[in-house]
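Structure, as structure tokens:
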Amino acid sequence: MTTHIEPEPDVEPLLDVFKALANPVRLQVLRWLRDPLRHFPVERAIADPVEVGVCVTHIQEKLGLAQSTVSAYMAELHRAGLVRATRVGKWTHYKRDEARIAAFVDVLGRSL
């Protein structure tokens, strides 16, 4: 017999984060974004990678994946609240949302 349990309302955001982090590529990108100066070409940046974020083109180049795949991965991280997206001209830059990540860790610590 299978029992269906409806998640509590405050659990839904946790599930979104777990889903985003369950993919090893998205997890790796999030790790790289923790130290963008170390992992991405600063000399080619059109905006400050620490303040504004890393251009999606640089993320795509580092991953070696199709633009559409990288965009889908980044959209999932954005929906989960793990990164912020900022437009600079026609380019989207991504930066970790440290406050939301810290809040997730806090909620996780209190929930389990």
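The values are calculated or read from the model by the stated rules, or taken from the named source; none is laboratory data. Just so we're clear, the structure is a prediction, and the values are computed from it rather than from any experiment. Cβ: placed from backbone, ideal geometry, glycine included. Neighbour counts: every protein chain shown. With ligands, DNA and RNA removed, areas are computed over all heavy atoms of the protein, side chains included. Shrake-Rupley method; radii C 1.70, N 1.55, O 1.52, S 1.80 Å.
Considering only residues that are in contact with a strand residue (DSSP E or B) (Cβ under 8 Å, 6 or more places away or on another chain) and without any contact (Cβ under 8 Å) to a residue 40 or more places away in the chain, look in the stretch 72-112 and name the one that is surrounded by the fewest Cβ atoms within 10 Å (Cβ to Cβ). Explain how you work it out, then say what you get.
Initially, the stretch 72-112 is screened for residues in contact with a strand residue (DSSP E or B) (Cβ under 8 Å, 6 or more places away or on another chain), giving 74, 77-78, 82-88, 91-97.
After this cut, where a residue has to be without any contact (Cβ under 8 Å) to a residue 40 or more places away in the chain as well, the list is 78, 84-87, 92, 97.
Details: His78: 16, Arg84: 17, Ala85: 15, Thr86: 13, Arg87: 9, Thr92: 19, Asp97: 19.
Of everything passing the filter in the stretch 72-112, Arg87 is surrounded by the fewest Cβ atoms within 10 Å (Cβ to Cβ).
So that you can scan it fast, the table gives a plain yes or no per residue for (1) touching a Ser or Thr at 6+ places or on another chain (Cβ under 7 Å); (2) under 14 Å from Ala20 (Cβ atoms); (3) assigned to a helix (DSSP H, G or I); (4) of a type in the set (Gly, Ala, Ser):
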residue	(1), (2), (3), (4)
Thr69	no, no, yes, no
Ala72	no, yes, yes, yes
His78	no, yes, yes, no
Ala102	no, no, yes, yes
Val105	no, no, yes, no
Arg110	no, no, yes, no
Which of the residues that make up the stretch 47-67 are part of a helix (DSSP H, G or I) and either among the acidic types (Asp, Glu) or touching a Leu at 6+ places or on another chain (Cβ under 6 Å) (or both)?
Glu61
Pick from the stretch 58-70, criterion of a type outside the set (A, V, I, L, M), open to solvent by 30 Å² or more (accessible area, probe 1.4 Å) and closer than 17 Å to Arg31 by Cα, ranking: nearest to the chain's Cα centre (by Cα)
Gln60
List pairs: first in the stretch 24-35 and part of a helix (DSSP H, G or I), second of a type in the set (Phe, Trp, Tyr), Cβ under 9 Å, 6+ apart or cross-chain?
Val25/Tyr73; Arg26/Tyr73; Val29/Tyr73; Val29/Tyr94; Trp32/Phe40; Leu33/Phe40; Leu33/Tyr94
